[in-house]
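To keep things clear, I will list the structure first and then write my remarks on it.
The values are calculated or read from the model by the stated rules, or taken from the named source; none is laboratory data. Because the structure is a prediction, the values reported are computed rather than measured. Neighbour counts are summed over all protein chains in view; Cβ atoms, including those assigned to glycine, are modelled from backbone coordinates with ideal geometry. SASA here: full protein model, heavy atoms, side chains in, ligands and nucleic acids out. Shrake-Rupley method; radii C 1.70, N 1.55, O 1.52, S 1.80 Å.
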Amino acid sequence: MIRNKYLKYLGAGLLTMSLFSACIDGYESEPVEQFDIDYLFSRSDSAGVQARKFLNEIYANNLYNGHNRVGGDYLDAATDDATSISNEEPDVLKLYMGQFTASNRVTSDMYWGEFYNGIRKTNILINHIDVVPFNLKYTTATGKVNPLNVSMKAEARFLRAHFYFELVKRYGGVPLLGDEVYDLNDNMELPRNTFEECIKYIVDELDAIQDDLRGLPMPDAGEFAHTPTKEACMAMKSRVLLYAASPLFNESPLEPGNELVGYANYDPSRWNLAAQAAKDFIDQFGPNGKGNINFTADVCDVFLSFYDQATNPELIFFRQDGKNKNIETNNGPLGFTGNALGNGRTTPSQNLVDAFPMLDGKMPGESSKYVYNINDPYANRDPRLNKTILHNGSSWLGRTLDMTQGGLNNPSGASSNQTGYYMCKFMGKYDSNGRTDYDDQQIHFWAMFRYAEILLNYAEALNESEAAPSDEVYNAIIALRQRAGIEAGDDGLYGLDSNMTQDQMREVIQNERRIELAFEEHRYWDIRRWKIAEDVLNQPLRGMSISSNSGRVTYNEVDVLLPKFEARRYLYPIPYSEVIKNRNMIQNPNW
């Protein structure tokens, strides 16, 4: 029997609930007193008012917003794709350089208690929601009409699966609590479950709840646009199985035979499972299926419009933010003032810029149609470059950016831009339309799943499960490049070579993920699950130094950071505090 007194362990988040409002203005806060279970889940509350607030609080406080979330920076600034302009040893630099231990942690990403706090709250709701006599109904993705508590329980299980996956990709196998809610006096010396048990649990949960969730398009989006749907459930399954099949956990775990950090034995059929999960999504919800998921015409609009699926059919699941100019103010270029002020926090690397192909889909230096010119390095490039990164000569807020050393948008000083670039992804379209300052009514949100990722998941998993790339692998990459604006070419392959080997296609897919999903928190985890971080993160992070002399602009690539990656950092260390208080808690290898 779960006792009411455990409520005191919910923490400060319950003392002041931040309610997840579905209106496009984002979150609203409403102070409430500390509740007991009978009040939260009242047998006389047919509208489930407090129970719904409790679930909304989980969305608001435990489902993170990736924008500048890691100590003020994007997680991608802890990879070879970017760095932070901050000169105060930001958290992303500590992650990038490996400046952490089991006891000296980077708390803005090395979450442990935060995710278990979310799991605990979802378990409370799962255990108690059925006592609420809902007179409110909703329609599932399969057309069934259910009382609202069925949806709320399924949503809570979705969130719980998400929290577990976030733990697993950071730590490997972790303790699974089931539906249990532990009291302060209970025995908490739980052992870690194996990696395989954790993946099976997450996938089984997602399979079990998908038909109890709503479907897209959301008929009642004004209230429920932020909630997970069947589409979101299947998208998460695709990602989970892709990670599980990847080398870090399947082919070559950190410690062979250690089932806490990966599977006991390599099984190539796990790639088949990942490919099938992505194909199931595409077949059911893609443009050739019965669903409404497709590419948004302009990739910029994926991150600027969630309310109308006709405008943004690519978005599958998001964490709401609201109407503001926070992203622009945090990351916009230096050199502007007033309502156009930007702090330039995220500075993309030359490494990332070099990953964008030319307009014909060939890499710089490999194209016969578009010759790469170091003195005009941004001409005739993949259009996604200009939609992701601001560079010297970019148009922004009615100006042409001057990124020369000491120039207007790259002033000298302690917080100068070392790479010569700024990020513009996720921002409003301030490169055109005559806008001269930032609009605090711009819609922002964190896109957690979108259709482009599903196609990339499918292409990767299918390529790994076949001896040579099939037409389906080619078609997935071609679809992405076509939307991006890459030229088809006479052969209609959008820059891809015919008869590519599996290794060649793997390189293309990995690069396509890098540029298409830049700054969406994929690169950090991708280079780990692919087990290439020891190659990628032992190379210099580079920038572009630009100088002007008598009107002649000169571009020179420079090294900005020299990292060193240790193999043990493929997984985070279990918090030291957890290991010393739990005799059954086994630390990750070499920590």
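Listing for the model above:
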| read-out | value |
| --- | --- |
| Search result, residues across the stretch 31-67 that are under 30 Å from Ser108 (Cα atoms), outside any helix (DSSP H, G or I) and modelled with pLDDT of 95 or more | Leu63, Asn65, Gly66, His67 |
| Pairs where the first residue, in the stretch 48-64, is under 17 Å from Tyr116 (Cβ atoms) and the second is hydrophobic (A, V, I, L, M, F, W, C) and open to solvent by 10 Å² or more (accessible area, probe 1.4 Å), C-beta under 7 Å, 6+ apart | Glu57/Leu19 |
| Any chance Leu14 is open to solvent by less than 10 Å² (accessible area, probe 1.4 Å), touching a Leu at 6+ places or on another chain (Cβ under 9 Å) and either in a loop (DSSP other than H, G, I, E, B) or modelled with pLDDT under 95 (or both) | yes |
| Which listed residue is closer than 27 Å to Asn149 by Cβ and more than 21 Å from the chain's Cα centre (by Cα), from Arg214, Arg270 | Arg214 |
| Sole exception among (1) in a helix (DSSP H, G or I); (2) closer than 27 Å to Gly543 by Cα; (3) of a type in the set (Gly, Ala, Ser) for Ala459, by number | (2) |
| Complete set of residues in the stretch 382-393 that are over 15 Å from Phe519 (Cβ atoms) and open to solvent by less than 20 Å² (accessible area, probe 1.4 Å) | Asp382, His391 |
| Residue identified as touching an Asp or Glu at 6+ places or on another chain (Cβ under 7 Å), farther than 25 Å from Leu95 by Cα and open to solvent by 30 Å² or more (accessible area, probe 1.4 Å) among Asn584, Asn556 | Asn584 |
| Inter-residue pairs, beta-carbon under 6 Å, first more than 18 Å from Glu114 (Cα to Cα) and basic (Lys, Arg) and in the stretch 575-591, second at pLDDT below 95 and open to solvent by 40 Å² or more (accessible area, probe 1.4 Å), 6+ apart | Arg583/Glu189 |
| Which numbered condition Ser498 misses (of (1) of a type in the set (S, T, N, Q); (2) in a loop (DSSP other than H, G, I, E, B); (3) touching a residue at least 40 places away in the same chain (Cβ under 8 Å)) | (3) |
| So Phe134, is it over 30 Å from Gln350 (Cβ atoms) and touching a strand residue (DSSP E or B) at 6+ places or on another chain (Cβ under 6 Å) | yes |
| Qualifying residue in the stretch 421-431 (condition: closer than 25 Å to Asn380 by Cβ, open to solvent by 10 Å² or more (accessible area, probe 1.4 Å) and over 18 Å from the mean Cα position of the chain (by Cα)) | yes |
| Residues that are polar (S, T, N, Q), open to solvent by 40 Å² or more (accessible area, probe 1.4 Å) and in contact (Cβ under 8 Å) with a residue 40 or more places away in the chain, drawn from the stretch 185-243 | none |
| Within the stretch 559-581, tally of residues that are open to solvent by 50 Å² or more (accessible area, probe 1.4 Å), part of a strand (DSSP E or B) and within 30 Å of Ser103 (Cβ to Cβ) | 0 |
| Answer residue from the stretch 292-346, given it is open to solvent by 30 Å² or more (accessible area, probe 1.4 Å) and β-branched (Val, Ile, Thr) and is modelled with the lowest pLDDT among those | Thr311 |
| Residues (modelled with pLDDT of 95 or more and more than 17 Å from Tyr378 (Cβ to Cβ)) located in the stretch 533-557 | Ala533, Glu534, Asp535, Val536, Leu537, Asn538, Gln539, Pro540, Leu541 |
| Criterion: among the polar types (S, T, N, Q) and buried (at least 16 other Cβ atoms within 10 Å of the Cβ) - qualifying residue of Asn463, Asn499 | Asn463 |
| Among the residues listed as Glu89, Glu114, the single one being open to solvent by 40 Å² or more (accessible area, probe 1.4 Å), out of contact with any Leu (no Cβ under 6 Å at 6 or more places or on another chain) and part of a loop (DSSP other than H, G, I, E, B) | Glu89 |
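Okay, residues lined up against (1) part of a loop (DSSP other than H, G, I, E, B); (2) touching a Pro at 6+ places or on another chain (Cβ under 6 Å); (3) under 21 Å from Lys581 (Cβ atoms); (4) open to solvent by less than 30 Å² (accessible area, probe 1.4 Å):
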site	(1), (2), (3), (4)
Ile119	no, no, yes, yes
Thr122	no, no, no, yes
Leu125	no, no, no, yes
Pro133	yes, no, no, no
Gly143	yes, no, no, no
Lys153	no, no, no, no
Ala156	no, no, no, yes
Glu166	no, no, no, yes
Leu176	yes, no, yes, no
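The rows are residues; the columns are (1) within 28 Å of Thr388 (Cα to Cα); (2) of a type outside the set (A, V, I, L, M, F, W, C).
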| site | (1), (2) |
| --- | --- |
| Asn87 | yes, yes |
| Leu93 | yes, no |
| Ser103 | no, yes |
| Phe115 | no, no |
| Leu148 | no, no |
